[in-house]
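Accompanying notes for the structure given below.
The values are calculated or read from the model by the stated rules, or taken from the named source; none is laboratory data. Quantities reported herein were computed from a predicted structural model and do not represent experimental measurements. Every residue, glycine as well, gets a Cβ built from its backbone with ideal geometry; the counts of neighbours run over all protein chains shown. Just so you know, the surface numbers come from the protein's heavy atoms only, side chains and all, with ligands and any DNA or RNA stripped out. Shrake-Rupley method; radii C 1.70, N 1.55, O 1.52, S 1.80 Å.
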Amino acid sequence: MKTLHKKLLVLGGGPGGYVAAIRAGQLGIPTVLVEGEALGGTCLNVGCIPSKALIHLAQEYAQACRFTGANALGIRVENPVLDLAQAQQWKGGIVGKLTGGVGALLRKAGVQVVQGWGTVVDGKTVEVATREGEPVRITCEHLLLATGSQAVSLPDLPLGGPVVSSTEALALAERPRHLVVVGAGYIGLELGIAWRKLGAEVAVVEAAARVLPTYDEELTRPVLASLRRLGITLHLNCTAQGLTESRDGLRVRSSNADEYALPADKVLVAVGRVPRTAGYGLEGLQLDMAGRAVKVDEQCRTSMRNVWAIGDLTGEPMLAHRAMAQGEMVAELVAGHRRRFAPQAIPAVCFTDPELVVAGLSPDEAEARGLDVVVSSFPFAANGRAMSLEGTEGFVRVVARQDTHQVLGWQAVGTGVSELAAAFCYAIEMGARLEDVAGIIHAHPTLGEAVQETALRALGHALHI
Ligand code: FAD
Ligand code: NAD
């Protein structure tokens, strides 16, 4: 068996692991990164990036189809055709460019990459079954676990045949006629809407009483209206019971025990993800756990000295940008810097139509903390840019302290609001007050003006409403 020794061993090359390795390399730390599948992890290969590409192409196709009929814009298109093979190739090209770029960045930073599945032997040793055949035993001073998460599967709906996870749903070679999505969370709605726009009949089965149940109802209302407009049928308070005998339908049970079948040539199971903690010897370390996640402190240290964990492995929120921020921090800690992970806000964006973005505290969260807050919102119906984008649905909402006016949280729903996440986080992290946001000149005409107007409205003197 070959042997190798480095100061830092990163297990897992997703956004958490590869960012940690790049930063460690920049800091001159001898680093090895072990990746069993493809550099870039879930996010670049089968998550954030391909899903956003699919959402974009679905939107473009839906627009072309819309223009075959009468429309306010006066555009006429005849017979739009979807070449799904070419579309999938385009999507694959984006993934290829980004994952290739990660490889180049790791090389530039001087990080050694070992391709193969790693097994944790102890807190300083990992054995890798390399693709080339000869295993490698790697020892290190610091072990960083960045092994990510995996999709939850339902016992009554094992993956296989027509039952797919998001990975297969992103790569379908043929448009399904009837797609049933189980779970109206991030993945279910992002991909369900995309396939509906690409021409599939889509039904969504959700156990809770609302779509996107982790967000408040006011925020999700425009998404619900859009789902209805798109012709996506919703089966709320319902659970999936398994495929029909003929395997071309899904049996569904409602909360009042009604049972019925929905036609389905594909069933996408999107009922959450769990940290990946089994199958690679992690149990042997007997780390303290927080539920199903590896427990870490505010520096991402586990309960074992010099064993660190980041990203989805450490639980919610399972978002790529959180994993990256943690990875960068751990590399700096290993280099001896003083750091801790204590963000005021980790933004979350749901790329539905319309989009939804939250950062910091919601009104309910502020109330639960016993804070005395002012909550104010401004509708996109009063924003010129939104009108010119045909996106007047939705609003921006702010939550600020009543006494100091310090901004604690933002929420928005509407066309293109994902790009407001940066402004929201700057305001929160820099401790801005409502007066600060209200006093900044925002470019006209932009959606950002709605951010300023929300702050003005909270102060009692909005200008455009
Ligand atoms: P991962 O990206 O899961 O990477 C872990 C890596 O470790 C994998 O490459 C795996 O092969 C490797 N690995 C695991 N065990 C071993 C081992 N024993 N040996 C060797 N290698 C190993 N987040 C967002 O912020 N925005 C989005 O828009 C978004 N969209 C998403 C869409 C979908 C469909 C999905 C599924 C997820 C999406 N996410 C999104 C979530 C995001 O992908 C994750 O939060 C992110 O990838 C977590 O990064 P990570 O580094 O912790 O783990
Ligand atoms: P999710 O937690 O967002 O949604 C799961 C949904 O399934 C919930 O609404 C839940 O009530 C429902 N559900 C659970 N069990 C059910 C059952 N038996 N029958 C019917 N419904 C059931 O999970 P997800 O959509 O699978 O996404 C997983 C994670 O991936 C997210 O939590 C997020 O961290 C990440 N992600 C992020 C983005 C983004 O940032 N834009 C996009 C996709 C995924």
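Miscellaneous remarks
- For the range 288-330, the candidate set comprises residues that are β-branched (Val, Ile, Thr) and open to solvent by less than 10 Å² (accessible area, probe 1.4 Å); within that set, the residue that is farthest from ligand 1 (Cβ to nearest atom) is Val307.
- Taken as a whole, the structure leaves Gln150 outside the set of residues that are open to solvent by less than 60 Å² (accessible area, probe 1.4 Å) and in contact (Cβ under 8 Å) with a residue 24 or more places away in the chain.
- Total residues in the range 165-194, condition away from ligand 1 (no atom under 13 Å from the Cβ) and over 17 Å from the mean Cα position of the chain (by Cα): 10
- Selection from the range 263-286 of residues that are under 30 Å from Glu201 (Cα atoms), buried (at least 20 other Cβ atoms within 10 Å of the Cβ) and within 13 Å of ligand 2 (Cβ to nearest atom): Val267, Leu268, Val269, Ala270, Val271, Arg273
- Criterion: open to solvent by less than 30 Å² (accessible area, probe 1.4 Å) and either within 16 Å of ligand 2 (Cβ to nearest atom) or more than 21 Å from Ile22 (Cβ to Cβ) (or both) - qualifying residue of Leu371, Leu361, Leu333: Leu361
- Which numbered condition Pro155 misses (of (1) more than 11 Å from ligand 2 (Cβ to nearest atom); (2) without any contact (Cβ under 8 Å) to a residue 24 or more places away in the chain): (1)
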